[in-house]
Amino acid sequence: MTRKLTSLDIARLAGVSQSTVSRVLRQLPNVDDDTREHVLRVIRKHRYTPNAAARSMKTNRSGNVAVVVANLDNPLYPALLHHLVEQLAGHGLRATVWEPAAGLDAETARAIAESPVDGVIFATAVDAARLEHEVIAQAKPVILMNRSLSSASFDAVVSDNHAGGAMVARFFARSGRRNIGLISGHSPASTITERKRGFMREVARHKGAMQCWTSELEFDAFTYANGYRAARELLARQPAIDALFCSNDILAIGAQDGARAADRQVPADLWVVGYDDIPMAGWDAIGLTTVRQPLETMTALAVERLVQRIAQPGLAPHTIKLPNELILRGSTATAGAQPASIALNVT
């Protein structure tokens, strides 16, 4: 049997030090381009594959990061994962995806805490599972993104959902919408509760000029079907509604079709606005006006902070909150009648 090459063998064949080979493999700086390319040619020529187990034993790191998401049926999470995988790879790290079917329970928390990962990024944090998050944080560096907890013990990278909801209400008010509907469900997620709170507080500031009704359907699944049903129910109960705000894009896409099934024309009779700007929101057949979260920036900052925390576990936690943008499409105006995006200040 032929002996498997080691990094020391590659170093000898390339005429460089073993530490240089290590830096090339880990995509670290301080290696000039010519040397990097020379080492990579030797690696390709000899079909060298690093021994992950040996590297992990030597550095006490696996190069893997656990990414915990809520529901991959929501197109927001595949888009978020795409950016996270790309950002992690830029730091020489790989993502292992966890999608707890019933949320983060004690058993899943122990499994994540005991898994051979260097850190954990949560895109699905809820206060009900705060103790489980703390169990994991005792064993691994933890970063929250997209959602936050009512605890100051964690690093978090989020967008300003409260201001985003208020921005939609102000947009309706400035555009002459007077009878407003809100479609949302029951959710412990900070994203949903903050969007609703920001929207309703801004509507209240225009009391007398605007009225707002909410769907009476009770649901905790933010799906197309529930958006469709909620729009039908709300429009049947309050036919004067001329604008709908839905707390995520999937609900809004369902609401668009529910409105059309109720013989309401979008946008001639009714405006519809969603939240997140998932990829399909921009499809010509959907053309959904929505609040865009800066996913690429959020993921870049979350990964950067995780890398810092892995290197310096004693860093004091802090929260980064990013602004959102209202993207105008055909569900609120005919093409060309509005700018592509606007930012409405919320005081």
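Whether any residue in the range 307-315 is under 22 Å from Phe222 (Cα atoms) and open to solvent by less than 50 Å² (accessible area, probe 1.4 Å) is what I want to check.
no
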**OP:** Identify all residues within the range 197-220 that are loosely packed, with under 14 Cβ neighbours inside 10 Å, out of contact with any helix residue (DSSP H, G or I) (no Cβ under 7 Å at 6 or more places or on another chain) and of a type in the set (A, V, I, L, M, F, W, C); write none if there are none.
**Re:** Ala204
Subject >> Among (1) more than 16 Å from Leu315 (Cα to Cα); (2) part of a helix (DSSP H, G or I); (3) not β-branched (Val, Ile, Thr) - the single one Ser150 does not satisfy >> reply: (2)
Subject >> The listed residue being surrounded by fewer than 21 Cβ atoms within 10 Å (Cβ to Cβ) and in contact with a Ser or Thr (Cβ under 8 Å, 6 or more places away or on another chain), out of Pro294, Pro239, Pro279 >> reply: Pro294
Original post:
Can you spot a residue in the range 54-62 that is over 24 Å from Gly227 (Cβ atoms) and modelled with pLDDT of 90 or more?
Top reply: no
**OP:** Name the single residue, out of those in the range 1-25 being of a type in the set (D, E, K, R) and closer than 19 Å to Arg47 by Cβ, that is modelled with the lowest pLDDT.
**Re:** Arg3
Subject >> Pairs with Cβ under 7 Å, 6+ apart, first in the range 172-195 and of a type in the set (A, V, I, L, M), second part of a loop (DSSP other than H, G, I, E, B) and surrounded by fewer than 21 Cβ atoms within 10 Å (Cβ to Cβ) >> reply: Ala173/His206; Ala173/Ala209; Ala189/Val126
Subject >> Condition broken by Val117, with the remaining ones in (1) among the hydrophobic types (A, V, I, L, M, F, W, C); (2) touching a Ser or Thr at 6+ places or on another chain (Cβ under 8 Å); (3) farther than 15 Å from Ala66 by Cβ satisfied >> reply: (3)
Original post:
Can you name the condition, by its number, that Ser159 falls short on among (1) out of contact with any Leu (no Cβ under 6 Å at 6 or more places or on another chain); (2) crowded, with 20+ Cβ neighbours inside 10 Å; (3) of a type outside the set (D, E, K, R)?
Top reply: (1)
Original post:
Looking at the range 186-205, is at least one residue outside any helix (DSSP H, G or I) and of a type in the set (A, V, I, L, M)?
Top reply: yes
Subject >> Total residues in the range 168-190, condition under 20 Å from the mean Cα position of the chain (by Cα) and open to solvent by 10 Å² or more (accessible area, probe 1.4 Å) >> reply: 5
Original post:
Within the set of pairs 6+ apart or on separate chains, which have a first residue in the range 78-107 that is more than 24 Å from Met280 (Cα to Cα) and free of Cβ contacts under 8 Å to residues at least 60 places away in the same chain, a second that is assigned to a helix (DSSP H, G or I) and small (Gly, Ala, Ser), and C-beta atoms under 8 Å apart?
Top reply: Gly103/Ala128; Gly103/Ala129; Leu104/Ala129; Asp105/Ala129
Subject >> Any pair with Cβ under 6 angstrom, 6 or more apart, that starts in the range 60-75 at a residue that is closer than 18 Å to Ala125 by Cα and open to solvent by 30 Å² or more (accessible area, probe 1.4 Å) and ends at one that is polar (S, T, N, Q) and modelled with pLDDT of 80 or more >> reply: Ala70/Thr124
Subject >> Members of the range 144-176 that are at pLDDT 95 or above, touching an Asp or Glu at 6+ places or on another chain (Cβ under 6 Å) and farther than 17 Å from Asn248 by Cα >> reply: Arg170
**OP:** Go over the candidates Asp160, Asp127 one by one and state the one that is of a type in the set (Asp, Glu) and under 19 Å from Ala300 (Cβ atoms).
**Re:** Asp160
Original post:
For the range 235-347, which fully contained strands (runs of 3 or more DSSP E) count at least 2 residues that are modelled with pLDDT of 95 or more and farther than 25 Å from Gly198 by Cα?
Top reply: none
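The values are calculated or read from the model by the stated rules, or taken from the named source; none is laboratory data. As the structure is a computational prediction, the values presented were derived from the model and not from experiment. As a convention, Cβ positions derive from the backbone with ideal geometry for all residues, glycine included, and neighbour counts pool all protein chains shown. Keep in mind that these areas ignore ligands, DNA and RNA; they rest on the heavy atoms of the full protein, side chains included. Shrake-Rupley method; radii C 1.70, N 1.55, O 1.52, S 1.80 Å.
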